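Values in this text are rule-based calculations from the coordinates and carry no lab data. From a predicted model like this one, the values you see are computed outputs, not experimental measurements. Backbone-built Cβ (ideal geometry, glycine too); neighbour counts: all protein chains shown.
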């Protein structure tokens, strides 16, 4: 039983079953001493408090760090102060999926770079289940946002460069079709081999969406996909498209940020808008009405979100998160010949495949997964819990993912019953503006961005900025994408106040990069 009563200094304090959760004498002083010991940085950009009591911790941190983002996690609604703090986000810890979404809504990847997590141990010990949920949500957020930092630092410039090149190379675009058939997403895990005979048998009864890495295995079995979903911005993802030569009418659903040059494998593109402002600006210039989905570290996740509302049921095959013996993917797989060419006597192919397969070693416990595999598996569980969708997983591997409905071949046959005689799903398409017009529009857009950044440099160098400023300003977000490493390096200096002038180097690098893209457009 929770009881709120007055301490000896007349401030409220809390008890659980007669045991004090805060000092009976002076709770404020106890909190101050604890924060003195645990807050390792004087000006953290963000602080998560696990097990706050009556907002004492949030109040003290805000007093010391007024510009910090403070998130206060409580284990019972009676432990929240009656008078809410306007500058603090308070949540009651219940479900991990919901809590992860709340944390992600407040903390950008720049915020987690210097994030401080404070745990009040009397609360943690009194509410162990809630504490576990809170700790896991915070750890998942850190994994996700740290992954985002690495991805942005590596791919930021390429995303922008790809966006302009794809904008200029596209000619015919369409929209995702509505299907009366179940949609089956083919991923490239080893269990896809089990699914292929059933796919052949029921091919006319499903709308088949393939991930790029599954294309070669499908075509090797004479199964042509209805659609390929691509999000990878890297050059090597093009290897997966070579088997598609000769299948020019298989559309590719992709964001502008995806790898360039795919037009040589398909004449029809279905644009996806992942919400980046530069994607939105380019798509708007050409009056392209693209399907919007949030960015995702996994192309399978993007494909799953794209199927929402597009068919009566969704099935995913080959989503394994595990190797089969030494094989981490279905065969044939386009990376295998590439790997074979780079092996040697002291680094043979089987040794290399064995090493890669240990990364994908099967475990019944999802939490035993590590690194990106764990992040992706957790994303699927959270998405399914949040969306409430019923999604089937055909021939699942030993890695269980909460939220999927597992199915075998006979279940697929029952699901497909009644869709045999339905005709093909037709795609409507339109041609874009002439290339000359698109080049002109892209050049004007680049000039506008350059002018805005130069104006920011010359007139607003003393303007204070924070980590959140970089996600609330298109110009500063552009600077982060172009020069993420140096932006992070500057924020790691732990200043109390940052100004635009502190980022003179990244601003200049961004202007130079945009001029480079503009000159490439003029040379096309």
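If I model a spin label at residue 261 and residue 247 as a point 7 Å from the Cα along the Cα→Cβ vector, what separation in nanometres do I get?
2.0
Specify the angular offset, from 0 to 90 degrees and rounded to the nearest 10, of the alpha carbon long axis of helix 371-387 from the longest principal axis of the alpha carbons in the chain.
Taking Cα atoms only, the helix is inclined about 90 degrees.
Mean separation of Cα pairs under 8 Å and 6+ residues apart, divided by the residue count of the chain: what relative contact order is that in percent?
Relative contact order for the chain comes out at 15 percent.
Using a Förster radius of 30 Å, what is the FRET efficiency between residue 239 and residue 520 based on their Cβ-Cβ separation? Nearest 0.05, please. Present the calculation step by step, with values, prior to reporting the outcome.
Working: r = 24 Å, r/R0 = 0.81.
With a Förster radius of 30 Å, E is 0.80.
What is the angle, in °, between the Cα long axis of helix 96-106 and the longest principal axis of the Cα atoms in the chain? Nearest 10 is fine, range 0 to 90.
80
What distance in nm separates the two pseudo spin-label positions at residue 224 and residue 350, each 7 Å out from Cα along the beta-carbon direction?
According to this spin-label approximation, the distance is 3.9 nm.
Give the order of 439, 489, 82, 165 when sorted by the count of other beta carbons within 10 angstrom, beginning with the fewest.
Details: 439 17, 489 12, 82 8, 165 20.
The order, fewest Cβ neighbours first, is 82, 489, 439, 165.
I need to check one value: relative contact order of region 170-418, counting alpha carbon pairs closer than 8 Å and at least 6 residues apart, in percent.
Details: 458 pairs, mean separation 59.8, N = 249.
For region 170-418, the relative contact order is 24 percent.
Take every DSSP beta bridge whose two residues both sit in the chain, then give the antiparallel share in percent to the nearest 5. Provide the component values of the computation, followed by the final result.
On the way: 14 of 55 bridges.
Of all bridge pairs located within the chain, approximately 25 percent are antiparallel.
Please list, in order, the residues from region 485-524 whose amide nitrogen is less than 19 Å from a point placed 7 Å along the Cα→Cβ vector of residue 462.
Those under the cut-off are 496-504.
What is the distance, in nm, between label points placed 7 Å from the Cα along the Cα-to-Cβ direction at residue 67 and at residue 508?
My value for the distance between the label points is 2.3 nm.
For residue 492 and residue 19, calculate 0.36 nm times their separation in residues minus their Cα-Cα distance, and state this gained length in nm to one decimal. List each step's numbers first, then the result.
Working: separation 473, 0.36 × 473 = 170.28 nm, distance 4.08 nm.
Going from the current span to full extension adds 166.2 nm.
Under the √(5λ) rule applied to the eigenvalues of the Cα gyration tensor, what semi-axes describe the equivalent ellipsoid of region 170-418? Give them in Å, descending. Don't skip to the end; give the middle numbers.
Values: eigenvalues 141, 104, 72 Å².
Sorted largest first and rounded, they come to 27, 23, 19 Å.
Based on the Kirkwood radius over alpha-carbon pairs, what is the Stokes-Einstein translational diffusion coefficient of region 483-524 at 20 °C with 1.002 mPa s viscosity, in µm²/s? Walk me through the intermediate numbers first.
Details: Rh = 11.8 Å.
Rounded to a whole number, D works out at 182 µm²/s.
With r defined as the distance between the Cβ atoms of residue 387 and residue 175 and R0 fixed at 22 Å, what FRET efficiency is calculated, to the nearest 0.05? Mind showing how you got there, number by number?
Values: r = 21 Å, r/R0 = 0.97.
My answer for the efficiency is 0.55.
Please determine, in degrees from 0 to 90 and to the nearest 10, the orientation of helix 192-201 with respect to the longest principal axis defined by the Cα atoms of the chain, where the helix direction is its Cα long axis.
50
How much mean residue ellipticity at 222 nm does the chain get from its helices, if each DSSP H run of length 4 or more adds -39500 (n - 2.57) and you divide by all residues, to the nearest 500 deg cm²/dmol? Don't skip to the answer; put the middle values down first.
Numbers: 19 runs with 226 residues, N = 524.
Helices in the chain give a 222 nm mean residue ellipticity of -13500 deg cm²/dmol.
When a/c reaches 1.5 or more, the comparison of a/b and b/c decides; with that in mind, is region 31-145 rounded, prolate or oblate per its Cα gyration tensor?
Taking the square roots of the gyration eigenvalues as a ≥ b ≥ c, region 31-145 is rounded.
Please report 281, 324, 483, 52 as a ranked list, fewest other C-beta atoms within 10 angstrom at the top and most at the bottom.
Working: 281 17, 324 20, 483 23, 52 28.
Arranged by neighbour count, lowest to highest, 281, 324, 483, 52 become 281, 324, 483, 52.
In what order do 519, 169 fall by count of nearby beta-carbon atoms within 10 Å, going from fewest to most?
On the way: 519 11, 169 16.
The most exposed by this proxy come first: 519, 169.
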